[in-house]
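The values are calculated or read from the model by the stated rules, or taken from the named source; none is laboratory data. Since we're looking at a predicted model, the values are computed, not measured. Glycine also receives a Cβ, built like all others from the backbone with ideal geometry; neighbour counts cover every protein chain displayed. All accessible areas refer to the heavy atoms of the entire protein, side chains included, with ligands and DNA or RNA removed. Shrake-Rupley method; radii C 1.70, N 1.55, O 1.52, S 1.80 Å.
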Amino acid sequence: MSDAAARTRLATHAVTNQPAPPSARDLLAEDAPLCEALAREAPDWVARRLAPLGREAGSAEVQALGEAANRYPPELRLFDRHGRRLDEVSYHPAYHALMHLAIDHGWHAVAWQEEGRGGHQAHVAALYLLTQAEPGFCCPITMTHAALPALRQSPAVEARWAPGLLAWDYDPRALPATEKSGLTVGMAMTEKQGGSDVRTNTTRADALVTSTRADPLAATRAAPLASITRAEALISTRAETGMDGWRLTGHKWFCSAPMSDAFLTLAQTDAGLSCFLVPRFTPDGERNAIELQRLKEKCGNRANASAEIEYRGAWAEAIGEPGRGIATILEMVQQTRLDAATAPVGMMRQALVEAWRHVRERHAFGRALSEQPLMRVLLADMAIEVEAGLALSLRAARAFGGAARGEASEAALARLLPTLAKYWHNKRTPGFMAEAMECLGGIGYVEETPLARLYREAPVNSIWEGSGNVICLDLLRVMARHPASLAAVREEVSAARGQQADLDCAWTKLEAELGAAPNTLEPRARWLAQRLAQCLQGALLLRHGPLAVAETFCRTRLGGEAGPAYGVLPGNAPLAALLARIGD
Ligand SMILES: Cc1cc2nc3c(=O)[nH]c(=O)nc-3n(C[C@H](O)[C@H](O)[C@H](O)COP(=O)(O)OP(=O)(O)OC[C@H]3O[C@@H](n4cnc5c(N)ncnc54)[C@H](O)[C@@H]3O)c2cc1C
């Protein structure tokens, strides 16, 4: 017998009926709902600028980086070999490569560099694409992006930090900010005794007062950080505030991206809870007294480090008005919430495409899985969910842009849309991931496909930046304090009324509930958030989406045919048209 024949006879691993290895994809060009949403919600330059990112994020190289960044999670390095404190985190090179992908192309900065001109839409769409490369590293991208509105509460601090935060240069070195070409920012609010209720924070801030008198004009003269020396930075801080800064003492139970160059932090002062910027290095170039205690061993989000930290008299400067720390940090949280509403949609899109690719190449019971009616219904239903989420996220991004231009109704929408989208998109994601995983059968549950990773990642955006219930309470608060926000949502939905009976009926019932006495609404807040989000999604799809998607969405999410699980569509649902939205 020849060698070749012997090999064939002994072969036990002829691989048949398995999909071909994944090939590179263009995550923008192949995503029709994204292209269409950008065409209606953003100026033309946004899609043009995103085009290379779509190709790069879907390339085999970047997808492999995403896998590696998860497989080799960050490690804590508390001390150097001689026992000196380092308090550093060491990341796999894949993580740094992903950070370069985002920051060296300015996706953390575009919202502010093109503010009011499509920058927010560009940021949100970029985040949706970057998430499909790997969601964990998007946490520091989001926080760095979101820090600016909080820093704007203290123009002098903003003037020194903004150039580094907006620089298109990822610089991971642990050095004083003045010596770096690009900066990132994290946030530290959560403490052991209270995360949602940050009023219980115990971290204490004590002012370091010098004899130098406050200089009220200093803010207007503040120089960019990069252009001044360390010593000048300290002097300028003194001149601006009349103080040497503040000393913070206390713990923070969660602090993600602990290698950031500074952390926006809440701490107690005599005036009440206040906001501070705590740099990793003091203005005179010493390591700040921020000790890392340990890294969390997390269910998912493994590429991203989340630490427990201690401030041991850490030097800080105040941001915003003393005693108004929550209001100040909410400027940042409003931004992070939109990202936390968008990331799950990106993850759902990635899982959907993965599942669709698999079922088209895998056969069972004599036919491709994609030809089996139940599989078709399931994937068509999932495709609708992604399209609805994308429509709402990009509409919210446009509202941020309108708010920046001073448009009152867009500003009103911008208050509510991120909250609604954050709540509802994240409630839809874990179940979605389980279904996508199941489409692949057994190998969906195996780490070699991205489904296991996406499944573990799915709950996190619901927990941070306001957990589900807290988001719903915030919805009630915003509706009570800013009635114009609900009026703006009403107007947005009204634009689609009269087109589809299920939407009209759902909205009428919702209005009746919203009319109840405000103090009776709390137990219904989850339902109100869900219904407001779904009515908005339905209205957006009816106005702008294909009829097949819009009709089926309204019937199955708002009408009598609504079911709690994925994969329940009316018998006459236009499956081919719905599945075509996934792309090839
Ligand atoms: C991976 C990861 C990274 C994180 N990174 C950071 C970070 O970088 N910086 C940071 O500051 N924090 C971070 N966090 C912390 C996160 O923001 C908090 O965990 C979150 O805000 C919830 O706070 P908590 O854990 O104290 O839960 P709790 O506040 O105890 O809430 C527990 C549950 O109770 C619910 N709840 C609270 N109040 C009410 C109410 N009045 N009515 C009904 N239900 C209520 C909440 O919705 C939640 O479901 C991170 C968390 C995770 C998981």
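Per residue, the Cα convex hull of the chain amounts to 168 Å³. With protein chains left intact and a 1.4 Å probe, residues in segment 328-580 average 37 Å² of accessible area per residue. Over all directions, the projected convex hull of the C-alpha atoms in segment 255-389 averages 12.0 nm² in area. Shown is the FRET efficiency for Asp169 and His482, computed with R0 = 56 Å from the Cβ-Cβ distance and rounded to the nearest 0.05: 0.90. Helices assigned as whole DSSP H runs in the chain whose Cα atoms extend at least 24 Å along their own long axis and whose mean Kyte-Doolittle hydropathy is -1.0 or higher are found at 325-361, 373-404, 408-439, 525-544. Set the Förster radius R0 to 35 Å, insert the Cβ-Cβ distance between Ser2 and His363 as r into 1/(1 + (r/R0)^6), and round the FRET efficiency to 0.05. Approximately 0.60, to the nearest 0.05. Qualifying trypsin sites (Lys or Arg not before Pro) in segment 1-97, where qualification requires a DSSP coil assignment and no more than 13 other C-beta atoms within 10 Å, comprise Arg81, Arg84. Using the 1.4 Å probe convention, the accessible area of segment 1-126 works out to 52 Å² per residue with neighbouring protein chains retained.
Protein-only accessible surface at a 1.4 angstrom probe places the residues Phe263, Phe254, Phe365 in the order Phe365, Phe254, Phe263, largest first.
Per-atom-type breakdown for segment 328-580 gives carbon and sulfur 56% of the accessible area (1.4 Å probe, protein chains only).
A P(r) calculated from all alpha carbon pairs of segment 328-580, with 5 Å bins opening at zero, reads 1, 6, 13, 17, 19, 16, 12, 8, 4, 2, 1, 0, 0 percent.
Once the C-beta distance of Glu297 and Arg48 is scaled by a Förster radius of 41 Å, the resulting FRET efficiency is 0.45 to the nearest 0.05. Note that segment 136-190 shows a convex hull volume over its alpha carbon atoms of 96 Å³ per residue. Within the chain, how many Lys pairs that are eight or more residues apart, or on different chains, come under 27 Å at the alpha-carbon? Taking the Cα cut-off of 27 Å, the pair count is 15.
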